[in-house]
Amino acid sequence: MLEIAFKGTKRYYGWMIALASVIGVGFLCYLWQLKFGLGVTGMSRDVSWGFYIAQFTFLVGVAASAVMLVIPYYLHNYKAFGKITILGEFLAVASVSMCLMFIIADLGQPMRAFNVILNPTPGSILFWDMIVLNGYLLLNIVIGWNVLEAERNQVAPPAWIKPFIYLSVPWAVSIHTVTAFLYCGLPGRGFWLTAILAPRFLSSAFAAGPSFLILLCLLIRKISKFDPGKEQIQSLAKIVTYAIILNVFFFACEVFTVFYSNIPEHKDHFIYLFAGLHGHGVLVPWMWTSLTLMLLAIILLVIPASRKQEGVLAVACVFVFVGTWIDKGLGMISGGFVPNPMHHVSEYVPTIPEIIITLGVYATGFFILSVLFKLAVTIKEEVSA
Amino acid sequence: MENSRRRFLKIAGISALGVAGAKPVLDVFASGDSHGEAAKAQPEIRKGEKALTAKQWAMVIDTRKFKSGADLEPIIEACHKIHNVPDFMDKENPEFKEDNRRHVIKWIWEEEYNHAFPTGGEPFLNERIKHLPFLVLCNHCEDPPCVRACPTKATFKREDGIVVMDFHRCIGCRFCMAACPYGSRSFNFRDPRPFIKAEERNPEFPTRMKGVVEKCNFCAERLAVGQMPACVEASNGAIAFGDLYDPESEVRKLLASNFTIRRKDGLGTGPTVYYIV
């Protein structure tokens, strides 16, 4: 099946070469980081996790969102999603691959990464995160590949794949829950120390993932002969609507608890993010942009007339994706480290090499995504022809 | 690789004991006839004869005995020199930049009361306490969150309660730094060796490489040869050190006769560094 990925138009090859060059530049920067150490990044003694871990957290959500297609199709027999479930699963494969790369990029001694397996430590949440992420990657590769191959041969998917599909449902929830547990079980970090963190992660995931998928579907319709379908896109739009409303609601719950209880250790992180603390507030405009985008998206999505217009829907999806990305990919991680446990404020801003390495990982993810979507779309075209 | 290194050290240790004529060890090697005794022939790690031992080491810092930051400097210097802690803020170093501040390594350092004990935010603080710097270091918690977080057991709690780091096993994920509620851990964002003056380097203690986490080890290496921690020695009696579970120990006597506080004890970590204010 993989041979399909090698046959393509000039535009396809151009896109892949462009991605490959970004990957190359990112990799060179990574070699520099490997030589010098993580000092090339903006991270510090006080903000010891930065852009890499934040992207990882955001992308775990995008990966988990495949379940929003799997549940309606396989558990509720919603036939329309049969056409695009594969897109969700392949998006998950690309996203989890990026997550794993971001973790490796963040390690001080990446050549020792296998110590996690050589010295298994079930008490550490990072150990479980390794298991659930790799498991989810494997599940989606196996399921996606077999279902697509069956579709190409115009036969039913093998029966043995069903249990794996059912397993992938709780597994998707687990990857983002375990990722939230990385943060919300730490005693000295008031920003993360909340039971709503995992539900918040899941709701923003189920908004960000499907909104990105809608944009991809619109793009596929434009550049290929495969139409993911109007009904499918509208169903995804409803999922995004519920999820983004839940996400803002959970955020409001958190804000109430933090500010009504008035406990400084929990409050100060929110003050830092949304108003600035002791004269430091580099993230303030970003956080308000995020909140505004999410609220605007809710207005656009919740009104059926505007949601049903695909142009407006596309705009709303961009708002949701960018809004949740700022929330998780910028604010969530450094917000938890500022102020630090001794209540000193030292801010974090990613450096240029750090951003280039990040772009390199994203380009790798898009490379994987392009190959997998090329397979899926070509086979869909073949079958319908 | 790491495992084989450990195994080598164990075997080397056993051999050394054998050469020295330690009879019990030879006996263990000699007895191989029955299964029960063969099982006993496991490598054994022994403490040095002078080693100081405890159920849980603890520290009491008598802040009344400090007048100003100048009293703390020799203590910090003693610790950092003995443990080859790099000085990134040394202006004479050719690689000095103000930005190096982000990468500093601290094992023991000073904080104002409101930062060492940030939960209170006392607005009307006693004048002496307000201007008195506090020594802060790893609290060697009885239930350490950093140990819980570490995915490789590179940081672990010893039998005597000391929370130590295995610099060779650490993968540099920095989960322990996020988990520590005291900011006691530092990460080697770059190679620390150019920032250790060659003439001051202590050959008895390892230097670190880039990409690993480090922190105070309660001078485990000194306790092993019967010496008190460097900060205790340099404190002119202001810092006491002893077994928290020995009612006769100096720290227990101080705790019984003075009102003491601990940093963020409400978090349930069980810090073992006590402060007399």
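Each value in this text was obtained by applying a stated rule to the coordinates, not by laboratory testing. Computed from a predicted model, the values in this text were never measured in an experiment. Note that each Cβ is placed from the backbone with ideal geometry, even for glycine, and that neighbours are counted across all protein chains shown.
About its Cα centre, how strong a charge dipole does region B:57-276 have in debye, to the nearest 20, once Lys and Arg get +1 and Asp and Glu get -1 at the Cβ? It would help to have the intermediate numbers written out before the result.
Numbers: 31 positive and 32 negative charges, 131 e Å.
So the magnitude is around 640 debye.
Step through the table entries A:K35/B:K215; A:K222/A:K328; A:K267/B:K264; B:K153/B:K210; B:K91/B:K130; B:K65/B:K215, compare each Cα-Cα distance with 27 Å, and write down the pairs that go over it.
Correct reply: A:K222/A:K328; B:K91/B:K130.
Can you sort B:R193, B:R169 by how many other beta carbons sit within 10 Å, fewest first? Write down the numbers at each step before the final one.
Working: B:R193 15, B:R169 21.
Placing the least packed residue first, the sequence is B:R193, B:R169.
Please grab the % of Cα pairs in the protein assembly as shown that end up more than 33 Å from each other.
So the pairs more than 33 Å apart make up 54 percent of the total in the protein assembly as shown.
Using R₀ = 35 Å, calculate the FRET efficiency as 1/(1 + (r/R₀)^6) where r is the Cβ-Cβ separation of A:I299 and A:I71; round to 0.05.
0.85
For B:Q56, enumerate residues with amide H under 5 Å from its amide H, sequence gap 5+ or separate chain, H modeled in the peptide plane.
Here B:L244, B:Y245 satisfy the definition.
How far is helix A:310-325 tilted, in degrees, relative to the longest principal axis of the Cα atoms in chain A, given as a value from 0 to 90 rounded to the nearest 10?
Approximately 40 degrees, to the nearest ten.
Could you go through region B:91-96 in sequence order and give the Karplus-derived ³J(HN,Hα) for each residue, using 6.51 cos²θ - 1.76 cosθ + 1.60 with θ = phi - 60°, rounded to whole Hz, and x for Gly and Pro?
5, 7, 6, x, 9, 5
Given chain A, report the % of alpha carbon pairs whose separation exceeds 25 Å.
Numbers: 42030 of 73920 pairs.
It works out to 57 percent of all Cα pairs.
Against the longest principal axis of chain A, how steep is helix A:85-106, in degrees 0 to 90 to the nearest 10, with axes from Cα atoms?
So the inclination is approximately 40 degrees.
Kindly express, to the nearest 10 degrees and within the range 0 to 90, the angle between helix A:197-223's C-alpha long axis and the longest C-alpha principal axis of chain A.
For A:197-223 against chain A, the angle is about 40 degrees.
Which whole-Hz ³J(HN,Hα) couplings does region B:198-209 yield from phi under the Karplus relation 6.51 cos²θ - 1.76 cosθ + 1.60, θ = phi - 60°, glycine and proline marked x?
Values, residue by residue: 4, 6, 9, 5, 8, x, 7, 10, x, 7, 9, 10 Hz.
Would you please give the FRET efficiency between A:A80 and A:T257, computed as 1/(1 + (r/R0)^6) with r the Cβ-Cβ distance and R0 = 45 Å, to the nearest 0.05?
Values: r = 39 Å, r/R0 = 0.87.
Calculated transfer efficiency: 0.70.
With respect to the cross-link table entries A:K79/A:K380; B:K81/B:K253; A:K7/A:K225, which display a Cα-Cα separation exceeding 19 Å? Walk me through the intermediate numbers first.
Values: A:K79/A:K380 16 Å; B:K81/B:K253 31 Å; A:K7/A:K225 16 Å.
Long pairs (Cα-Cα over 19 Å): B:K81/B:K253.
Quick one: what are the phi-derived ³J(HN,Hα) couplings along region A:115-121, Karplus 6.51/-1.76/1.60 with θ = phi - 60°, whole Hz, x for glycine and proline?
Using θ = phi - 60°, the values come out as 4, 5, 8, 5, 10, x, 10 Hz.
How large is the Kirkwood hydrodynamic radius of region A:139-282, counting all unique pairs of alpha carbons, in Å? The partial results should precede the final answer.
Working: mean 1/r = 0.0541 Å⁻¹.
Kirkwood hydrodynamic radius for region A:139-282: 18.5 Å.
Rg(Cα) of region A:305-385 divided by 2.2 N^0.38 Å? Write down the numbers at each step before the final one.
Details: Rg = 19.6 Å, N = 81, 2.2 N^0.38 = 11.7 Å.
For region A:305-385, the normalised Cα radius of gyration comes out at 1.68.
Using a Förster radius of 41 Å, what is the FRET efficiency between A:E231 and A:I131 based on their Cβ-Cβ separation? Nearest 0.05, please. Display every interim value, and only then the final one.
Details: r = 37 Å, r/R0 = 0.90.
According to the calculation, E is roughly 0.65.
Putting +1 on Lys and Arg Cβ atoms and -1 on Asp and Glu Cβ atoms, find which of A:P157, A:T194, A:L182 reaches farthest to the positive end of the dipole of the protein assembly as shown.
About the Cα centre, the residue reaching furthest to the positive side is A:P157.
Do any trypsin sites (Lys or Arg not before Pro) in region A:221-255 lie in a loop, going by DSSP, with at most 11 other beta-carbon atoms within 10 Å of their beta carbon, and if so which?
Numbers: sites: A:R221, A:K222, A:K225, A:K230, A:K238; in loops: A:K225.
Sparse-neighbourhood loop trypsin sites (Lys or Arg not before Pro): none present.
Along the charge dipole of the protein assembly as shown, which of A:W145, B:L72, A:P353 sits closest to the positive end, that is, farthest toward it, with unit charges on the beta carbon of Lys, Arg, Asp and Glu (+1, +1, -1, -1)?
After comparing all options, I get A:W145.
Taking a spot 7 Å from the Cα of B:E142 along the direction of its beta carbon, which residues of region B:59-100 have an amide N less than 18 Å from it?
Those under the cut-off are B:59-61.
Restricting the count to DSSP beta bridges whose residues both fall in region B:57-276, what percent are antiparallel, rounded to a multiple of 5? Mind showing how you got there, number by number?
Numbers: 16 of 20 bridges.
Close to 80 percent.
Give the share of C-alpha pairs in each 10 angstrom bin for region B:57-276, from 0 to the last occupied bin, in whole percents, shortest bins first.
The distribution over region B:57-276 is 8, 32, 38, 19, 3, 0, given as percents.
Does anything in region A:34-50 have its amide N under 16 Å from the 7 Å Cα→Cβ label point of B:N93, and if so which residues?
Residues A:36-40, A:44-45 fall inside that zone.
With 10 angstrom as the radius, rank B:E110, A:E3 by how many other C-beta atoms surround their C-beta, starting from the fewest. Present the calculation step by step, with values, prior to reporting the outcome.
Details: B:E110 19, A:E3 7.
Starting with the residue having the fewest Cβ neighbours, the order is A:E3, B:E110.
Charges only on Cβ, +1 for Lys and Arg, -1 for Asp and Glu: so what's the dipole of chain A about the Cα centre, in debye to the nearest 20? Can you show the working numbers first?
Working: 23 positive and 18 negative charges, 166 e Å.
Value, rounded to 20: 800 debye.
In nm, to one decimal, how far is the modelled label at A:L31 from the one at A:V284, with both set 7 Å along Cα→Cβ?
Placing both labels 7 Å along Cα→Cβ, they lie 4.3 nm apart.
Starting from region A:1-96, pick out the trypsin sites (Lys or Arg not before Pro) whose DSSP state is loop and whose Cβ has at most 15 other Cβ atoms within 10 Å.
Values: sites: A:K7, A:K10, A:R11, A:K35, A:R45, A:K79, A:K83; in loops: A:K7, A:R45.
Of the trypsin sites (Lys or Arg not before Pro), the ones in loops of region A:1-96 whose Cβ has at most 15 other Cβ atoms within 10 Å are A:K7.
Between B:Y274 and residues 5 or more places away or on another chain, which pairs have amide H atoms under 5 Å apart, with H built 1.01 Å from N, and which residues are they?
B:M59, B:V60, B:I61
Rounding to the nearest 20 debye, state how big the charge dipole of the protein assembly as shown is about its Cα centre with +1 on each Lys and Arg Cβ and -1 on each Asp and Glu Cβ. Present the calculation step by step, with values, prior to reporting the outcome.
On the way: 64 positive and 56 negative charges, 307 e Å.
Dipole about the Cα centre, nearest 20: 1480 debye.
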